[in-house]
Structure formats: C-alpha cells, structure tokens
Amino acid sequence: MRKSSPIARRMLRNHARYRGRNDLNIVPMLDVMVILTFFLIFTAVFSKTSVLEVNLPGPGVQDSTRPPGFVLEVILRRSGIQVADRNSGVLTTIPAAGSGHDVARLTEYLAELKLRVPQTTEATLLVAEDVDYDTIVQVMDAVRVRQTIAGGKVARETLFPQISLGDAPT
C-alpha cells in the first residue's frame, strides 16, 4: 500500500463527503419569491388610480334633463377666438394678433360674462386642427380661472371650471 500525502487524503475525504449530494436547494429562492409577492401586492394596493366617470346617452336619445339656456362655447381657430352661446350664436370675436391669440382679452370678456350668468360653470372648448397645443392650454386656463394681482398677491377668480373639449366646426 502506498502512502499518500495529507493533502491528497484531505481531498479524497472531501470528495467522499459530498458524493451523492446533487439535490437543488430551493429554500433561498422561495424566500425571495415570497418577499417579492408581498412587495408587489402591497404596492399595487396603495397605488393611486383616478377614474373619470362619463355618462353618455344612447344613440338617438335626446337630452331632456337640461332646459334650454345659456351654454358657453369657446371656438379656437388660428385666425382668432369666438365666444358663443350654443342657443343664440356668436357673442364676440377676438381676432388673433401677430404675436398670437389675445388670451388676456378673452379672460376679461369671460369675467364680464360670468357676472351675467353666475350659475354657469360649464364651457365647451372647440378647437380647430391647426391650433398648437400651447395655445389650447393657455385658452383652457383663461376659460377656467382669472388671475389678478392685488396688493402684491395673486387673486384667483373661478370662471368656468368644467371644460369639455371638441372639434371646431368647419
């Protein structure tokens, strides 16, 4: 019998000890999966969702809930802005200048109009296809609220906060 070195004997002993251990240890993987599952469930529960409720009438149904009255329409075209009542027609036209639309004049006119019809909070903004996005946002802000500076403070007056968007008639 041949004597082997201590290192060779240690290697043989270690190999014999681990022989037959080819099983897979899935406990750490299960721990990670449980933690991920709880994390995903709790983050999904606490995420904020906003729902916009829209009630549309069926086809061919006439809206009989609202008596005919003042219905504000602001028609935005590249050539200018028209303020109209859906039932009576155009109230005023604000032509566009070389620098763009006169949003300040629109705000002042809508503030005067709000004094005549204080119960109205709805407005429809009808936009032509060739109007840029920045102009649409400026006009929406002008229809929604009037900002004035009084005594170094900004005062906000709510005009027509409920705005609906649509396509301008041709």
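The values are calculated or read from the model by the stated rules, or taken from the named source; none is laboratory data. Keep in mind the model is a prediction, meaning the values are calculated, not measured. Every residue, glycine among them, receives a Cβ derived from its backbone with ideal geometry; neighbour counts consider all protein chains shown. Heavy atoms of the whole protein, side chains included, go into the accessibility calculation; ligands, DNA and RNA do not. Shrake-Rupley method; radii C 1.70, N 1.55, O 1.52, S 1.80 Å.
Among the residues examined, Tyr109 does not qualify as aromatic (Phe, Trp, Tyr) and modelled with pLDDT under 90. Only a single item in (1) surrounded by 15 or more Cβ atoms within 10 Å (Cβ to Cβ); (2) part of a strand (DSSP E or B) is not met by Leu106, and it is number (2).
Candidates Leu56, Leu36, Leu72, Leu52: the one that is surrounded by 10 or more Cβ atoms within 10 Å (Cβ to Cβ) and either modelled with pLDDT under 85 or touching a helix residue (DSSP H, G or I) at 6+ places or on another chain (Cβ under 8 Å) (or both) is Leu72. Any idea how many residues of the stretch 88-102 are open to solvent by 40 Å² or more (accessible area, probe 1.4 Å) and small (Gly, Ala, Ser)? Count: 4.
Taking Glu112, is it open to solvent by less than 80 Å² (accessible area, probe 1.4 Å) and either touching a Gly at 6+ places or on another chain (Cβ under 8 Å) or not small (Gly, Ala, Ser) (or both)? So Glu112 does not fit the description; no. Close Cβ contacts (under 8 Å, 6 or more residues apart or on different chains) running from residues in the stretch 76-90 that are more than 23 Å from Val137 (Cβ to Cβ) to residues that are outside any strand (DSSP E or B) and among the aromatic types (Phe, Trp, Tyr) comprise Asp85/Phe70; Asn87/Phe70.
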